[in-house]
Amino acid sequence: FTAVVAIKWLTDGEEEQPLQAVLVADSFNRRFFPISKDQPRALLPLANVAMIDYTLEFLTSTGVQETFVFCCWMSNKIKEHLLKSKWCRPTSPNVVRIITSDLYRSLGDVLRDVDAKALVRSDFILVYGDVVSNIDVTQALQEHRQRRKAEKNISVMTMIFKQSSPGHKSRCEEDDIIVAMDSKTKRVLHYQRTQGLKKLQFPMNIFHSVSDEFEIRYDLLDCHISICSPQVAELFTDNFDYQTRNDFVRGILVNEEILGNQIHLYVTMDGYGARVSNLLMYDAVSSDMVRRWIYPLTPEANFTDRKGQECTHSRHNVYRGAGVSLGHGSHMAENVLIGRDTSIGANCHISNSVIGSNCTIGDNVVLDRAYVWNGVHIASGAVIRQSVLCDGVKVKERVTLNRQCVLAYNVVVGPDISLPEGTVVSMHHPDEEDEEDEDEFLSDGADNSSNQAKTKLKAFSAAEVGAEGKGYIWRPVKQDDTEDDELVQCLWGETSSCITTGVYAVFQTEVLGTLQRGMEENISCDNLVLEINSLKYAYNITLKEVMQVLMRVVLEFPFQQQGPQLAAVQYCALLLRLLKKWAPVFRNYVKRAPDQMDCLESLEEFFLEHETHWGAMVKVLMELYQLDILEEELIMRWFSDGVTSAKSRQLRKNPGLLKFIQWLEEAEDESSEEDGQ
Amino acid sequence: MELQAVVMAAGGGSRMMDLTYSIPKPLLPIGNKPLIWYPLSLLERVGFEEVIVITTKEAQKEVQKLLLTETKLKPDIVCVQEDADMGTADALRHIQQKIKTDVLVVSCDLITDAALHEVVDLFRVHNATLSMLMSKAHEFTETVPGQKGKKKAGEQRDFVGVDDSGKRLLFMANEADLDEDLVIRKSIMRRHPRMHIKTGLVDAHLYCLKRSVIDFLAENKSISSIRGELVPCLVRKQFSKFSSLQKNKEEPNQNMKKKDANTNSENHIASADDDLLELALNRSCWNDHRGDMCGAYHGGKLRCYVHIMEEGMCYRVNTLAAYIEANRLASKLFEEPAIHPSAVISERSVVGSDSIIGTYCQIAEKASVKRSTIGASTTIKEKAKITNSIIMNGVTIEEGCNIQGSVICSHATICRGADIKYCLVGNSQRVELAPRTTEEIVPLPFTDPALIYASF
């Protein structure tokens, strides 16, 4: 009898361990720049509620009793927000402890600190501060504990996924993953991001386990919620090169045989869980929120229990806060959320949008998929589609924002201007970043004054932001120092890039000169490469830019020689001869896949400027393909993914190009078939 | 006639040469029935009236006799030369002229109680190009003569990928053909985001094939085996879009006529749906998948399906182990009495109900037969003990023999007092032993698993 009691007491003791969570309120990347220059990502409003509040609500409702919030970038703001929130009231069932340090550079640093401070006592939940979810993890937690009990310390992590088929709008290409798992034990055997891959490869050794049934799943959305054992923190300490969870998962899976640790997964069918990792996801999650997919987290629930957040819900998912005024003839079609004290003028048409509090919207405004934060002024006649307008933005009369525009804090645009697709405007000058360099993580209030002084020196471009506009256009710039040759994405989560002009003009003329001389004096290709290389060092130009410039120079070469009125046919003949002659030069610079993409992009850019010569483009592509400078796969990728503007879309409708692409497609299909045989 | 049945019975049985060197594989006795009887009766059971049997010259007569006496099927026997090294696909190509409709191809070594309509229904419902039968692999429990210890698991596994419904065949590869990685195209995963990869399956070698596949075979002479080449090829072709167009470009050197024929057959194989069916599909809200807005089958015309038996019996008798296992279970498949009425069994002998006794057998006094199959005209003399064994036709087992877990082929003679455990005794062999008096002294030589041939 005593033994029974003792056992019961022991198991009870285990159960009573309060559930802990580690919430990382920093993304450790710059995907939300320039928005996150002024506000940390965790505090950005999603359906008028800061994202971190959703994460905390999810943790609390799933039974977490103690949460460690780790902040780094703008930690003061997060701290201030949390101290005011309901989570820090004495009645809160979930005790929130805020830990700030400027030294965190990655998730790895955070977990190493968790280990060093011995914060966790048992299994804990690991989430980011931008996860929106209503998943009940109890079941997953139970399975995790059972596994841990059955096989001591073998399973270290249970990752939570949501089933969602490819093409679902909450899945963005960038976060797509493929998972190979053991059907019976739910063990993860292989985990890989699939962006840019055409063929998925699974090492054979993952199939060597005793099981005879495996599943390969491409229908999973990573919720970025993981149940971790305390070992996870220790493993991060042991492996100081683990920076992200991805590193960790890969490390565990690859070293499974050596270390004997395993990772399992839990798939939820009906819960909702997604990480707002870019603006595309922001758009998707916001609209899911308004459409009530994340019930019981709905806008009118006011779960943050804050004054002034209340709103009413009426049919077609229209939510209105207190004090909203709506002008005559204005129509809120569906899925609209309007915050407190916002006034809307007459004859507006609003659909699928979220509007914050204290906004003023003029007459005849059209908003569709617009995310308008607080204190925004939109003057009459504006048309805004799928864009984000941060706090304090002013949109003047008759401004049109095309898809995927971002106006960061306090920007003013207009009047009478149309911003092209994907425009990002911020009060911060894009070059600030370079000047600040590494310090930006550390200090943010300190050099603000000096920065502002600097920015004031640079004038706003009226052509870009309108006559009364205030703000600088941000162009997505590729960073060369990113690891793993990862393509750096713009804010909206699509791959794109463009060259920065200016410094390279000089380099370009030099290259042109070299090539001209090469032509006249018949210098061998090896020597040309040598000369271009020395120029590269002289002007401190990256290899990528060399390629872009080289492509451009060669394409312009016939014009340089024969004058700009050259007809397409002659141009083509001249150019092909040049390409053939200088093929070794190209081969020297265009080697890897990213090089080829760059090459194609500069090619496209050039031909976008020379509409009359589109016919030549196909011939050039064909020639480069046949000279083995470009591979078919990359041409295909460029063709399908590289659309940056309306005009480039038009370019892709060129019948010659379409024919060429079709030809390639067929050739490719054949070759892949032969691979298989 | 919806389907024509073809039984492939020309295989040499290369994986069990010990048995097939004297008896052609289709005629190997299992539960006192020739092996080929099983697929034939399966076909007869589901209502086939005609059958094409492809076999060798050697077995032709016997097979013909069997078809006439044991079944009501109207046979059409086609002979192929055994030494011609013909594969199953070659054989199918050989009888191209005879095939007017879609075909059901069965191997002669299949013993199953599968519900055949499951396979055919998949074929009909999805208007599939190929549908096939697979089963969970069975562990063989019996000890196999000549095989020490457990068979090692080192055999090459087949990787079979099916979609979430478990019916659509998406991927097929043998471990031997895969290098370091298993490669799957992302486009397949996009259409079928949840793929189940199964390894513990045996292919029953039962296929429903569209008529157009036969034409395809006629054009592609390089394909020689159904399982090894044709099926993987069809499975792959499900997801290649421009198969007909690319041919034109890739084979510019071949003469025009050949090329055209090729293109046609590829087109043919792909456009299995006729116009009316296509119209029906377009107008219907039915779909074979969920998760995206594409039409049924994502517009693919070539579809392969598989029915995987979760339970029930499904054996391919192509190894000695399978042969022994099949003998043990065969009696469940037919209703005839286990002991043939013409057998003469002494009242004082013991014959277990789990044994099968063939025609004109003689079992003498005090003999005991348990869990065994005794072929026709076999004589078992006094006090012989037979357990767990397969005795073929015309065998003589003399007094006091003890036979356990062995296979004794036709017309062998086991002399008195022999003690045979886990052995295979070849055709017309005579196993002689020292007289019983010395048996107690001399260690018995046959207790080890071994194969006994003429050398004994």
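The values are calculated or read from the model by the stated rules, or taken from the named source; none is laboratory data. Computed from a predicted model, the values in this text were never measured in an experiment. Here the Cβ positions follow ideal geometry from the backbone for every residue, glycine too, while neighbour counts run over all protein chains shown.
Evaluated against (1) under 28 Å from B:Thr88 (Cα atoms); (2) at the interface with chain A (Cβ under 9 Å from one of its Cβ atoms); (3) in contact (Cβ under 8 Å) with a residue 12 or more places away in the chain, B:Asp179 falls short on exactly one condition, (3).
Looking across the stretch B:292-319, just one residue is under 17 Å from B:Leu122 (Cβ atoms), of a type in the set (Phe, Trp, Tyr) and either assigned to a strand (DSSP E or B) or within 14 Å of another protein chain (Cβ to nearest Cβ) (or both), and that is B:Tyr305. The set of residues in the stretch A:554-604 being buried (at least 17 other Cβ atoms within 10 Å of the Cβ) and among the β-branched types (Val, Ile, Thr) consists of A:Val554, A:Val585, A:Val590.
Of the strands (runs of 3 or more DSSP E) lying entirely inside the stretch A:329-415, those containing at least 3 residues that are surrounded by 19 or more Cβ atoms within 10 Å (Cβ to Cβ) are A:336-338, A:366-372, A:383-389.
Just a yes or no: is a residue in the stretch A:569-586 under 33 Å from the mean Cα position of the chain (by Cα) and part of a helix (DSSP H, G or I)?
Our first condition is that a residue be under 33 Å from the mean Cα position of the chain (by Cα); within the stretch A:569-586, this holds for A:586.
So of that shortlist, the ones also part of a helix (DSSP H, G or I) come out as A:586.
Yes.
Of all residues being outside any helix (DSSP H, G or I) and closer than 23 Å to B:Asp85 by Cα in the stretch B:22-50, which is modelled with the lowest pLDDT? Just the residue, please.
In the first step, residues of the stretch B:22-50 are kept if they are outside any helix (DSSP H, G or I); the result is B:22-24, B:28-36, B:46-50.
In the following step, the residues that additionally are closer than 23 Å to B:Asp85 by Cα were identified as B:22-24, B:28, B:35-36.
On the way: B:Ser22: 79, B:Ile23: 84, B:Pro24: 86, B:Leu28: 89, B:Leu35: 91, B:Ile36: 91.
Step by step, filter the stretch B:22-50, then rank; the result is B:Ser22.
Filtering B:Glu142, B:Glu118 for residues that are surrounded by fewer than 19 Cβ atoms within 10 Å (Cβ to Cβ), in a loop (DSSP other than H, G, I, E, B) and either touching a residue at least 40 places away in the same chain (Cβ under 8 Å) or of a type in the set (S, T, N, Q) (or both) leaves a single hit, B:Glu142.
If I ask for residues that are of a type in the set (A, V, I, L, M) and within 18 Å of B:Glu432 (Cα to Cα), which ones from the stretch B:353-409 would you list? Show your work before the answer.
To start, the set of residues in the stretch B:353-409 that are of a type in the set (A, V, I, L, M) comprises B:356-357, B:363-364, B:367, B:369, B:374, B:376, B:380, B:384, B:386, B:390-392, B:395, B:397, B:403, B:407-408.
Passing the criteria: B:Ile380, B:Ala384, B:Ile386, B:Ile391, B:Val395, B:Ile397, B:Ile403, B:Val407, B:Ile408.
For the stretch A:274-283, the condition holds for at least one residue, the condition being that it is within 24 Å of A:Ile216 (Cα to Cα) and under 27 Å from the mean Cα position of the chain (by Cα).
A single entry from B:Leu169, B:Leu209 fulfils the requirement of being of a type outside the set (D, E, K, R), buried (at least 16 other Cβ atoms within 10 Å of the Cβ), more than 12 Å from every other protein chain (Cβ to nearest Cβ) and closer than 30 Å to A:Lys162 by Cβ: B:Leu169.
When restricted to residues that are out of contact with any strand residue (DSSP E or B) (no Cβ under 6 Å at 6 or more places or on another chain) and within 14 Å of chain A (Cβ to nearest Cβ), the stretch B:225-237 contains 8.
Mind listing whichever residues of the stretch B:188-205 are assigned to a helix (DSSP H, G or I) and either under 30 Å from the mean Cα position of the chain (by Cα) or facing another protein chain (nearest Cβ under 8 Å) (or both)? Break it down into steps so the answer makes sense when it comes.
Let us first name the residues in the stretch B:188-205 that are assigned to a helix (DSSP H, G or I), namely B:188-191.
Residues satisfying the conditions are B:Met189, B:Arg190.
So A:Ser155 clears everything in (1) among the polar types (S, T, N, Q); (2) closer than 30 Å to A:Cys71 by Cα; (3) within 11 Å of chain B (Cβ to nearest Cβ) except one condition, right? Which one? Going through (1) among the polar types (S, T, N, Q); (2) closer than 30 Å to A:Cys71 by Cα; (3) within 11 Å of chain B (Cβ to nearest Cβ) one by one, A:Ser155 breaks only (3).
Quick check on this structure: which one of A:Leu126, A:Leu189, A:Leu221 is out of contact with any Pro (no Cβ under 7 Å at 6 or more places or on another chain), part of a strand (DSSP E or B), within 14 Å of another protein chain (Cβ to nearest Cβ) and under 15 Å from A:Ile263 (Cα atoms)? Exactly one residue qualifies, and that residue is A:Leu189.
Among the residues of the stretch A:74-95, which ones are surrounded by 15 or more Cβ atoms within 10 Å (Cβ to Cβ), outside any helix (DSSP H, G or I) and either in contact with a helix residue (DSSP H, G or I) (Cβ under 6 Å, 6 or more places away or on another chain) or of a type in the set (D, E, K, R) (or both)? Please lay out each step first, then the result.
Just the residues of the stretch A:74-95 that are surrounded by 15 or more Cβ atoms within 10 Å (Cβ to Cβ), to begin with: A:74-75, A:77-79, A:81-82, A:85-88, A:92, A:94-95.
Adding the requirement that they be outside any helix (DSSP H, G or I) leaves A:74, A:85, A:92, A:94-95.
The one that is surrounded by 15 or more Cβ atoms within 10 Å (Cβ to Cβ), outside any helix (DSSP H, G or I) and either in contact with a helix residue (DSSP H, G or I) (Cβ under 6 Å, 6 or more places away or on another chain) or of a type in the set (D, E, K, R) (or both): A:Asn94.
From A:Ile225, A:Ile252, A:Ile263, A:Ile294, which residue is buried (at least 21 other Cβ atoms within 10 Å of the Cβ), more than 30 Å from A:Arg340 (Cα to Cα) and within 24 Å of the chain's Cα centre (by Cα)? Working first, answer last.
Details: A:Ile252 fails: within 24 Å of the chain's Cα centre (by Cα); A:Ile263 fails: within 24 Å of the chain's Cα centre (by Cα); A:Ile294 fails: more than 30 Å from A:Arg340 (Cα to Cα).
Just one listed residue meets the conditions, A:Ile225.
Taking first residues from the stretch A:196-214 that are at the interface with chain B (Cβ under 7 Å from one of its Cβ atoms) and partners that are of a type in the set (Asp, Glu) and in a strand (DSSP E or B), the Cβ contacts under 8 Å between residues at least 6 apart in sequence or on separate chains come to A:Gln201/B:Asp181; A:Phe202/B:Asp181; A:Pro203/B:Asp181; A:Met204/B:Asp181; A:Glu213/A:Asp182; A:Phe214/A:Asp182. Counting only residues that are in a loop (DSSP other than H, G, I, E, B) and either of a type in the set (A, V, I, L, M) or closer than 14 Å to B:Ala384 by Cβ (or both), the stretch B:407-432 holds 5 of them.
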